[in-house]
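The values are calculated or read from the model by the stated rules, or taken from the named source; none is laboratory data. Please read these numbers as outputs of a predicted model, since none were measured by experiment. Every residue, glycine among them, receives a Cβ derived from its backbone with ideal geometry; neighbour counts consider all protein chains shown. Each accessible area value is taken on the protein alone, full model and side chains, heavy atoms only, with ligands, DNA and RNA left out. Shrake-Rupley method; radii C 1.70, N 1.55, O 1.52, S 1.80 Å.
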Amino acid sequence: EASQYLAVITSHSARLAEVFARIRFARVLLVLLLTGTAIYDLRLLTRYPVAAGIDGYYYVLQATSVMQQGSPYFHTNKPVVAYLLGAISYVSKNPVLTVKVTAVVLQLLLCLGIYALLRTVIQEEWLALLGAVIAAISGLRFYLLSEFINNLAALVFLVWTAWLLIRFLQTKRLVWGICASLLFLAGLFSHRMAPVIVLAMIVFASLIHI
């Protein structure tokens, strides 16, 4: 009986070890991290019913004008974010809240994009997680969330463009190439610093492959 009992324990232990081996702890930590930071950032931004940051009402005016008149209040050659905020505001009927929630969602997408890109390029899940952690907890994110939403959107579009481009080169599937092209254009028309971001990403990719 003792030997049978020991065999049962060993069998259960082996199954438990197999289950833990299949769990991607890095991805579990990523989900927990992004959930926690998103809740924290959203609570911080929605603490008061007014726009956040010095330039907060710039985005509110842009969104309101697009929602009501179909064009940004301030003329810009990089109108993607203004039209994005305006379209969402048309549905929500609350431009102030729309700007805040959209900023948090963009921050989440940036962290996920950094994780996905690093995971693909360097193929080290824990280092990819580290990159996402730095983006998620960096104090710089508060400026992006409140003052530089255009910059944030450009970063998001271009990071995901890089990931989609890699997928296109790996699979040769046209859909990845089309999506990469569309996001690339969205990034270029989100902020004037987009070409600088593209150049920095090219330099980074070159250094990785040296």
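A compact table of results
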read-out: Sole exception among (1) at pLDDT 85 or above; (2) farther than 25 Å from Leu112 by Cβ for Ser13, by number; value: (1)
read-out: Ala128 closer than 12 Å to Leu33 by Cβ and not β-branched (Val, Ile, Thr); value: no
read-out: Glu125, sole failed condition from (1) acidic (Asp, Glu); (2) open to solvent by 40 Å² or more (accessible area, probe 1.4 Å); (3) in contact with a Lys or Arg (Cβ under 7 Å, 6 or more places away or on another chain); value: (2)
read-out: Criterion violated by Trp163 - all others in (1) surrounded by fewer than 19 Cβ atoms within 10 Å (Cβ to Cβ); (2) part of a helix (DSSP H, G or I) satisfied; value: (1)
read-out: Where a residue in region 181-197 is farther than 11 Å from Leu155 by Cα and its partner, wherever it lies, is not in a helix (DSSP H, G or I), with Cβ under 8 Å and at least six apart; value: Phe189/Asn77; Phe189/Lys78; Phe189/Pro79; Arg192/Asn77; Arg192/Lys78
read-out: Test: residue in region 104-116 that is hydroxyl-bearing (Ser, Thr, Tyr) and either modelled with pLDDT under 90 or open to solvent by 60 Å² or more (accessible area, probe 1.4 Å) (or both); value: no
